[in-house]
Amino acid sequence: MSLSPRTGREQSVQRRATITVNGPESNNGLSVTFAALSVRLWARVRKTGTCWIWTGARTGSGSVRHGQIAWQGKPRRVHRLVWELLRGPIPSGQQINHHCDNPICVNPEHLYLGTQAENMRDAARRKRFTVPRTTTKLSLHDRMVIYKTPAYRGVCVALARRYGVTKACISVIRRGRFLGSGVWAGVVRIKESA
């Protein structure tokens, strides 16, 4: 490795260098660039009694948001990088699952290699699936009435006030996106009553 100053292009190529294990520029089996990633990664981890919580950026929205960090010019999920850093490459067809059910945990003891099918069986066994509520505010009859109500300006607001639900709820029902409509599954098209 030469100590001469590098051009911007050479620095960019160096930052995007692939992971090399026991390569010529290695330090204890890790390439220099992977060692730099390790420093960046662990600086954003807060260790609690059990889980190691990722405090940096997160993916997506909703309840399942994994930790994310930029690596080799693209965003990568942190729990996958931790696995690769400590245990090696992830085999094709496999993914990294969590024993602790905490998607922002990066504790290597809580991570395990598995398939999507295994992850779904684990989720079912632990009752982690988001299931539609069986006790709803609107009966199937109410939802069908809302669905068939003729369109006019302000219909969603008027129906939301009438039934005591949100405008978004009414909008979803008006598009046929509710359980029991037959439209949800794409099986049946509800006919307008004449």
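List of remarks:
- Length gained on full extension, VAL157 to VAL145, computed as 0.36 nm times the residue gap minus the Cα-Cα distance: 2.8 nm.
- Amide H partners (placed H, <5 Å) of HIS66, local residues excluded: THR59
- Applying the Karplus relation 6.51 cos²θ - 1.76 cosθ + 1.60 with θ = phi - 60° to segment 151-160 yields 3J(HN,Hα) values of 6, 7, 4, x, 4, 5, 5, 4, 5, 4 Hz, where x marks Gly and Pro.
- Near TRP71, the amide H atoms lying under 5 Å from its own belong to ARG76; only residues 5 or more places off or on other chains count, and H is placed 1.01 Å from N.
- Reach of LYS167 by Cα under 27 Å, taken over lysines that are not fewer than 8 positions away in the same chain: LYS137, LYS148, LYS191
- Working note: Karplus 6.51/-1.76/1.60 with θ = phi - 60° gives segment 37-46 the couplings 4, 4, 4, 4, 5, 5, 5, 9, 10, 10 Hz, where Gly and Pro are set to x.
- Taking amide H as placed 1.01 Å from N in the peptide plane, TRP52 has its amide H under 5 Å from the amide H of VAL106, ASN107, each at least 5 places away in sequence or on another chain.
- Cα gyration tensor, segment 73-177 - rounded (a/c under 1.5), prolate or oblate: prolate
Laboratory data are not the source of any read-out in this text; all were calculated from the coordinates shown. Treat the numbers as computed from the prediction; the structure is a model and nothing was measured.
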